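The values are calculated or read from the model by the stated rules, or taken from the named source; none is laboratory data. Since we're looking at a predicted model, the values are computed, not measured. Note that we place each Cβ from the backbone using ideal geometry, even for glycine, and neighbour counts take in every protein chain shown. We work out accessible area using only protein heavy atoms, side chains counted, and drop any ligands, DNA or RNA first. Shrake-Rupley method; radii C 1.70, N 1.55, O 1.52, S 1.80 Å.
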Amino acid sequence: MAPLPSDEEGDGLLAHSVAYGWYTSRAPSAAPPYELGPEYKTGSDEVVAALEGCAWMFPPGSRSSPAVASGAPPSSAAGTAGGAHGGRSGEAPARPAWAPPVAPERMFDLTGNYPYQHLQSEVSQSVVNILLAPGQVARPGDSLAQALTRALERCASQAYQVLISVDASRRPTVPESERQNLVGEAGTVMANLAQNGHINAEQDLFFALEAFGVSKMSRPDEQKWLCDCLSLMIKRAFGMAPEALERWRQTMRNRILNEVDLYSNIDVRAWTQILELVGAQRDDILQGEAFKTQVRLQLCMRTARDRYEGLRQAAIVVAELRRQSCFTREEFLELFNDRRAFDRQQRTQLLLAALRGGPRGFVQAVLGTIDSADVDISERDDDEMRMVEELLKSLKEDIRCCPHAFFKMKTEWIAARNTGVVVGEELSPEQICDHIEDEPNHEDCLRIAVNRYLKANRKFEAARMLVRPKTVRTRVYESNRNDKQLAYLISLFNDVEPDRNHFGPIEEGTLVLPSEASKVLLYIQDAGAALERLESETVGSQQPKSIGIWWFWRCFNPKIDFWPRASFLALCYDGPSGSTFAIVDFDALEEDNEGDEERSKDVVRRILESPSLLKVVHDMDGYSFEVLQRAVMPKHKLYDEGPDNPWPRMEPVVDVSVVAAYIRRTRPCAEKNKDKLSGLVFEYLRLELCLAEAMSNFERRPLRLTQLHYALSLAWCPLLILRALCSFEIVDNEEILLLSHRVGHPGSAGWTRPLRNLCFAPDASAAAAAEGDALGGIYAGAYAEDLWTGTSEEAEVWRRGLPRPDRSIRLAQVMQMTVAIHLPPDTQRCAQLGIAELFSRETAARDLAALYRAHHGHRNGQQAPDAY
């Protein structure tokens, strides 16, 4: 017989061995783990042996028997359906109609002819000889395919035992060089057998999946080693025939999809390696019911001592394969949330391991079930509540799926032990009531706030809460009506007139938008005429535009509330008859049917993604942009994670805080007060920005006119400031283009930190000096006067005193820190047209004149005129 080709003449497949570390030099102490302890050798064999006398379990003529289960030779030639796992069943596996025919004459024994490359000891060669003589491990009636499967299983098992075996001095029993090359030599044998025609890999590896049952009841590290070893040997058999490998993979995928009996012969933990071996996705071909059954039988039905470890492995397998939805919520909690068997920490670890990476809807359903069934909201330190909170934080799930946890978060926001808006006096009593009055647990939240005020002897604040119309009808009011001091204060506050609800600021002398709400305000709450007008004037217009944009949401605790969503969006742009202000009410749109909601939000999405519409924002970071993304997604698609459901992106966008930092030769947001929008408005527009509605409840409907005015001011002011900076030549067109960017694209995650770390000074000392100068004083100028277009000496001095950027620095080089969010060339060309619109001094002068006319008219007691 011609000698077998050497490994060097192969296809370089030993790279697989290097990848697994089998050809990597290592010290003997880094050998595979030692022999499996006796505590891991209990399981199904003992259960079957205990039921040996049960006629109902082993009726006459059955395919299984106690003798077979214990590994004794079979009493008949009948095979077990779909299996070749002789070490477990003891019978020859059954052969389906399309399986390779039985051909005993194809058996071979090449043990005396193989030229070993790296193995010299008899122990090491005996392992590889199993593959060279598969007939030695075959059962009566086995085909070559069945015998080869048994040989693969036996070879992997004995290779592991040889590698972990040590002598009396705890040294490996085989030389270190052979330890490093044993599995690689076995892979070379498989490749040579296929190349010389001794085996037809496509046919003779038909039962190869059954070999992955060899790792049943083994420890996790041993299981992974055995399965990786099997995968390597199988891949090496197809090294020179990629087409045959693909056909074999398709056959294996069909078996996984159609053969239920296959699952009982395979270690359920091996499916990760198997699906990778056959080129299948982890969650598209596994039969859910069969997989679930084997998870229960193999991993979850162990002795009390080993049950936690089995459940832990089951949780890891379920999470790796993303098969959480194979279980119902009740089944899932029965396995991984057994309150009688495990304490809170153990159950938390099991649930966390099992839920990680699972379908978001299923994860939220499980967490919601625990929250509603097990949590005792009356207990301050309830263990189940703590477990739910830990899971929400670790999984970063939406706390709104757990009503009790959400309620606790809200009450702690009101008044925790030492924190809260009541304790810290961060909100007025009226603002607190604004956040709780429309909530289903309004009375409980009210009681917590009033009791905390009374405990601190702050009866004035308590009276201001109890005087509100929605409070008078509650039991909280009734329980405090006999307090004479409180009753007197309530009577006083009853005579106070509430603030007038008008389209303007609450604080006197502050910025007023230059128009009446009824004339220019578009309120989009359905797929009607207002939406059509917004679409036609933005994405439907052929003219590039600059759009001021901001959005509003509510979050009680960002450390546990990871899924806040914008309640509404404020937009402003230059319309046919002057500045147009628009509100897109996401909450109202979600009350429509799915079709209208999707149509309305698609318009918003197209505005955000249109390259010809320059979006102008202030101090946008990754967190706030994600809040907007969740709101723009249709509600029924919010938790879909497939590639067919991409999240919205925004391009091109320019942040006024970055432009201001460039002008001041410092870092974005390095100046804590001056980079805030209120500081920029005061410096560049010489007006105060009313912040009375800043902490109001933007999820309450209907929105107050004062809330709408505040929201639109936050969208319009950055646009007006940028327009003034551009049209009066503080910055030029090329600089604005370099400062523009895009967000939400693949690869742009984590863009906030590089953007905030930009330094627009020649060196760090110059940046620090610029920050000190900016914080030291305000640019002098008359209040509420148009100093941009004014001709007075004071206006000219003010304009000359405005800071300018340091053009000695190379802006393009500085912006390389944010290369992940740079605009691509085609978007840059479109963005240039929108940027050019910012440099119209006529438009800037018109808007500035309208702003100051509105301010002076409001101060004189007149309604804001239509400035356009």
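Brief remarks follow.
- Qualifying residues in the range 575-608 (those that are touching a Pro at 6+ places or on another chain (Cβ under 7 Å) and under 19 Å from MET620 (Cβ atoms)) - the one surrounded by the most Cβ atoms within 10 Å (Cβ to Cβ): LEU608
- Residues that are touching a residue at least 24 places away in the same chain (Cβ under 8 Å), open to solvent by 10 Å² or more (accessible area, probe 1.4 Å) and either of a type in the set (S, T, N, Q) or over 11 Å from GLY239 (Cα atoms) (or both), drawn from the range 180-198: GLN180, ASN181, GLN195, ASN196, HIS198
- Members of the range 477-486 found to be part of a helix (DSSP H, G or I) and surrounded by 14 or more Cβ atoms within 10 Å (Cβ to Cβ), listed by number: TYR477, LEU486
- ALA314 meets all of the listed conditions (1) open to solvent by 50 Å² or more (accessible area, probe 1.4 Å); (2) under 24 Å from ARG269 (Cα atoms) but one, namely (1).
- Residues that are of a type outside the set (D, E, K, R) and within 33 Å of the chain's Cα centre (by Cα), drawn from the range 432-453: ILE432, HIS435, ILE436, PRO440, ASN441, HIS442, CYS445
Yes/no matrix, rows are residues, columns are (1) open to solvent by less than 20 Å² (accessible area, probe 1.4 Å); (2) of a type in the set (A, V, I, L, M, F, W, C):
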{"position": "GLU389", "(1), (2)": "no, no"}
{"position": "TRP413", "(1), (2)": "no, yes"}
{"position": "GLY420", "(1), (2)": "yes, no"}
{"position": "VAL423", "(1), (2)": "no, yes"}
{"position": "CYS433", "(1), (2)": "yes, yes"}
{"position": "ASP444", "(1), (2)": "no, no"}
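- Screening ASP284, ASP261 for residues that are open to solvent by 40 Å² or more (accessible area, probe 1.4 Å) and touching a strand residue (DSSP E or B) at 6+ places or on another chain (Cβ under 9 Å) leaves exactly one candidate, ASP261.
- Boolean, GLU729 is at positive phi, among the charged types (D, E, K, R) and assigned to a loop (DSSP other than H, G, I, E, B): yes
- Among the residues of the range 450-476, those that are open to solvent by less than 70 Å² (accessible area, probe 1.4 Å) and farther than 23 Å from ASP495 by Cα comprise ARG452, ALA456.
- Considering the range 823-868, the residues that are modelled with pLDDT of 90 or more and outside any helix (DSSP H, G or I) include one that is least open to solvent (accessible area, probe 1.4 Å), namely LEU823.
- Test for GLU693: is it part of a loop (DSSP other than H, G, I, E, B) and crowded, with 21+ Cβ neighbours inside 10 Å: yes
- GLY790 on the phi > 0 side of the Ramachandran plot and part of a loop (DSSP other than H, G, I, E, B): no
- Considering only residues in the range 800-822 that are part of a loop (DSSP other than H, G, I, E, B) and crowded, with 16+ Cβ neighbours inside 10 Å, the one that is nearest to the chain's Cα centre (by Cα) turns out to be HIS822.
- Residue that is farthest from the chain's Cα centre (by Cα) [pool: residues in the range 735-750 that are open to solvent by less than 20 Å² (accessible area, probe 1.4 Å) and closer than 18 Å to ILE663 by Cα]: GLU735
- Any hit, the range 215-232, residues being of a type outside the set (Lys, Arg), at pLDDT 90 or above, more than 37 Å from the chain's Cα centre (by Cα) and buried (at least 20 other Cβ atoms within 10 Å of the Cβ): no
- Qualifying residue in the range 560-572 (condition: of a type in the set (A, V, I, L, M), closer than 12 Å to LEU613 by Cβ and buried (at least 17 other Cβ atoms within 10 Å of the Cβ)): yes
- Breaking point among (1) open to solvent by 40 Å² or more (accessible area, probe 1.4 Å); (2) assigned to a loop (DSSP other than H, G, I, E, B), for ASP338: (1)
- The selection criterion, being modelled with pLDDT of 95 or more, of a type outside the set (D, E, K, R) and either part of a helix (DSSP H, G or I) or within 26 Å of the chain's Cα centre (by Cα) (or both), does not hold for GLN298.
- Of all positions in the range 493-513, none carries a residue that is buried (at least 21 other Cβ atoms within 10 Å of the Cβ), out of contact with any Pro (no Cβ under 9 Å at 6 or more places or on another chain), in a helix (DSSP H, G or I) and not polar (S, T, N, Q).
- Test for SER612: is it of a type in the set (S, T, N, Q), open to solvent by 10 Å² or more (accessible area, probe 1.4 Å) and in contact (Cβ under 8 Å) with a residue 24 or more places away in the chain: yes
- Annotation note: Cβ proximity below 6 Å between a residue of the range 116-133 that is over 11 Å from SER177 (Cβ atoms) and a residue that is open to solvent by 40 Å² or more (accessible area, probe 1.4 Å) and charged (D, E, K, R) (sequence gap 6+ or interchain) occurs for ILE130/ARG154; ALA133/ASP109.
- Boolean, ARG701 is in a loop (DSSP other than H, G, I, E, B), within 24 Å of ARG565 (Cβ to Cβ) and either open to solvent by 10 Å² or more (accessible area, probe 1.4 Å) or aliphatic (A, V, I, L, M) (or both): yes
- For first residues located in the range 269-281 and touching a residue at least 40 places away in the same chain (Cβ under 8 Å) and in a helix (DSSP H, G or I), partners that are basic (Lys, Arg) and surrounded by fewer than 20 Cβ atoms within 10 Å (Cβ to Cβ) and lie 6+ apart or on another chain with Cβ distances below 6 Å form the pairs LEU275/ARG282.
- Single residue of ASP338, ASP381 found to be more than 21 Å from the chain's Cα centre (by Cα), within 30 Å of CYS445 (Cβ to Cβ) and not polar (S, T, N, Q): ASP381
- Hits in the range 744-765 (condition: over 16 Å from MET650 (Cα atoms) and either among the hydroxyl-bearing types (Ser, Thr, Tyr) or outside any helix (DSSP H, G or I) (or both)): ASN757, LEU758, CYS759, PHE760, ALA761, PRO762, ASP763, SER765
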